[in-house]
Structures are given as C-alpha cells and as structure tokens.
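Coordinate-derived values only; no laboratory data. Just so we're clear, the structure is a prediction, and the values are computed from it rather than from any experiment. Cβ placement follows ideal geometry from the backbone for every residue including glycine, while neighbour counts extend to all protein chains displayed.
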Amino acid sequence: MTDTADVSATAAPFRERASMRLSERPESEFPEIVAWRRAFSQMGLKPTQYRCASEALPR
C-alpha cells in the first residue's frame, strides 16, 4: 500500500452511478438520505447543517 495508489479504475463505476442518480433527482430525495435527515432531526440537529457522510460526499 502506498500513498500513490491509482484507484481511478476501481472508483469509476461508483462515480458513474452517483452521477446517474444525481442527474435523476437531488440527493435530498434519496430514501437513505431522508432516513438520515429524519434521525438527525429526532436528535435535535439541523439535518441541512449537519449532513451525514453519504450526503456530504457527493457534494
């Protein structure tokens, strides 16, 4: 393992899928994001201020 590993080929299908999903609708409408936002709200947190990793990563 090195800090210069080329992961572009491994990551490409995931980037393509993310781009495809984001072209269909905003991430705020994904069922998994809606569930996280609901959980954050129940904890008293602002879900648009404190985004879960799966919502923040594509940004």
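Remark: the ALA18-GLN42 segment gains 5.9 nm on full extension, using 0.36 nm per residue and subtracting the alpha carbon distance.
Using a Förster distance of 30 Å, how high is the FRET efficiency between THR4 and GLU32, based on the Cβ-Cβ distance and rounded to 0.05? For R0 = 30 Å, the calculated efficiency reads 0.40. The per residue volume of the convex hull around the alpha-carbon atoms of the chain is 113 Å³. Can you give the local net charge around ARG38? Use residues other than it whose beta-carbon is closer than 14 angstrom to its beta-carbon, Lys and Arg +1, Asp and Glu -1. Local net charge: 0.
Helix 31-42 versus the longest principal axis of the chain: what is the Cα-based angle in degrees, 0 to 90, to the nearest 10? The helix 31-42 is inclined about 50 degrees to the chain.
Net charge of the neighbourhood of GLU55, taken over other residues with C-beta under 15 Å away and scored Lys/Arg +1, Asp/Glu -1, is +4.
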